[in-house]
Amino acid sequence: MLELRLREWLYILLFALLIGSCIGVFVGFLISDRWYSYALSGALISLFIFAFSMLTTEANNRFFIDRLPKPLRIPFSLALAYLSGFLGSFLGYNVCNYLGLLDVHLKQSQLIVSLNLLGVLTASVGFLIYLIVVSKREWEQLKIRLLTQELKNLELQINPHFLFNTINSIVELVRIDPEEAERALINFSRFLRKVLYSDFLISLQEELENLQEYWSIVKLRVRDSIELRVRVQEGMDLNSKVPKFCLQMLVENALKHGLRWRRGAIEVVITQVDKKLIMDVRDNGVGFNRLREGLGLKNVRDRLSLIGGELTYFRDGNYTVFRMQIDQETSSQNKFSKSNP
């Protein structure tokens with residue numbers, strides 16, 4: 001089954017109107033001085049053919065195609081396209097005559113031949129559109145597989161990076177408080193399952209939960225010297241897809257390079273402006289003059305770019321701000337949902 005999207009139907013409609021008008025102008029110049037009237041007639045006949053084609057295609061997708069043996073599916077679809085061209089042009093021709101747009105009346109034999117030719121033309125164009133759409137779908141699927149593999153490769157980079165940093169934090173805690181280190185290891189073992197087995201794109205809700213679990217491990221080391229504040233705009237959709245651990249990576253960056261594990265505050269502010277999801281991670285640490293991106297920041301930037309997002313950073317008063325933006329309308333995150341083959 002090949003389902004056409006609304007945008008594709010609109011393109012087909014514009015194409016049909018253009019071809020119908022051009023054929024009408026050509027015929028009008030040959031047999032009449034009213035070429036503009038023939039152009040309108042051609043567009044109107046094309047509109048009827050398009051309407052019949054759309055109805056038969058949708059009916060075929062919903063009721064017939066899955067019930068037919070595979071060898072018969074394309075011939076049956078071509079027969080429906082031919083029927084759409086025949087009936088659409090017949091109805092369009094009669095409507096144009098009724099409206100007085102045509103000053104020529106075909107004989108019955110001429111009309112039948114013309115209707116059959118338009119039916120064959122419709123089936124031919126329909127088959128060509130089918131091949132184009134199939135090629136487009138195959139390219140989209142290939143692009144999704146390539147993006148998926150690239151995201152997986154980036155995740156393979158980030159998981160060891162995150163794990164080693166967390167283990168080092170627990171090792172440092174062992175020297176200070178062995179009992180707390182034991183609790184940290186228990187929390188870490190639960191968290192490890194999500195690191196290794198969750199998808200590379202997760203919901204914002206899951207990302208916030210991961211951040212809280214990560215902070216429960218960090219808090220064993222920093223105690224109350226560093227505060228994490230999370231603010232989420234009221235009424236936001238928390239099902240939006242984001243790269244796994246993108247917030248955690250920026251919070252970790254603020255801990256290590258902004259606050260340098262000293263007293264301070266980290267704020268995570270999540271808002272939505274129009275169709276853009278904005279996630280800010282702010283810290284009141286030492287700031288930067290020139291920032292050299294390490295593995296963590298580069299990885300976040302690369303994963304965001306694959307789903308149509310971007311990472312920027314700037315100073316805002318006493319705060320260093322790392323901002324992630326994802327355009328939810330044009331984001332390629334939708335490419336990772338199931339598409340119609």
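What follows is calculated from the coordinates using simple rules that are stated; it is not laboratory data. Worth saying up front: this structure is predicted, and the values here are computed from it rather than measured. Heads up, the Cβs are rebuilt from the backbone with ideal geometry, glycines too, and the neighbour counts pull from every protein chain shown.
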Inset, instruction - Using the Cα centre as the reference, give the magnitude of the dipole from point charges on the C-beta atoms of the chain (Lys, Arg: +1; Asp, Glu: -1; all else neutral), rounded to the nearest 20 debye. - result: 540
Legend entry - At 0.890 mPa s and 25 °C, Stokes diffusion of the chain via Kirkwood alpha-carbon radius, µm² per second: 99
Inset, instruction - Any chance you could run the full-extension gain for Ala265 through Asn94? It's 0.36 nm times the residue separation minus the Cα-Cα distance, nm to one decimal. - result: 53.9 nm
Legend entry - Ile278 versus Arg231: modelled label distance in nm, points set 7 Å from Cα along the beta carbon direction: 1.2
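Just need the Rg to Rh number for segment 198-283, please, alpha carbons only, Kirkwood Rh.
Here the Rg-to-Rh quotient is 0.97.
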Inset, instruction - Quick one: work out Rg over Rh on the C-alpha atoms of segment 6-105, Rh as Kirkwood radius. - result: 1.08
Inset, instruction - Measure off 7 Å from each Cα along the Cα-to-Cβ vector at Leu128 and Arg223, then give the distance between these two points in nanometres to one decimal. - result: 7.7
Legend entry - Top of Asn253, Asn97, Asn187 by mean-square fluctuation, Gaussian network on the chain, Cα under 10 Å: Asn97
Inset, instruction - Neighbouring Cβ atoms within 10 Å as the yardstick, rank Tyr313, Tyr214, Tyr98 fewest first. - result: Tyr98, Tyr313, Tyr214
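In nm, what is the difference between 0.36 nm times the number of residues separating Asn318 and Leu18 and their Cα-Cα distance?
102.0 nm
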Legend entry - Along the chain, longest interval not containing exposed trypsin sites (Lys or Arg not before Pro), exposed being DSSP loop plus at most 13 other Cβ atoms within 10 Å: 108-222
Legend entry - Pairwise label distance in nanometres, Asn116 with Val171, each label 7 Å out on the Cα-Cβ vector: 8.5
Inset, instruction - Among Ile307, Phe50, Ala81, pick out the residue whose Cα is farthest towards the positive end of the charge dipole of the chain, where Lys and Arg carry +1 and Asp and Glu carry -1 on C-beta, about the Cα centre. - result: Ile307
Inset, instruction - Using only Cα atoms, locate the centre of segment 215-289 and the centre of segment 47-119, then give the distance between them in Å, rounded to an integer. - result: 60
Legend entry - Chain lengthening between Phe63 and Glu8 when straightened (0.36 nm per residue, less Cα-Cα): 17.7 nm
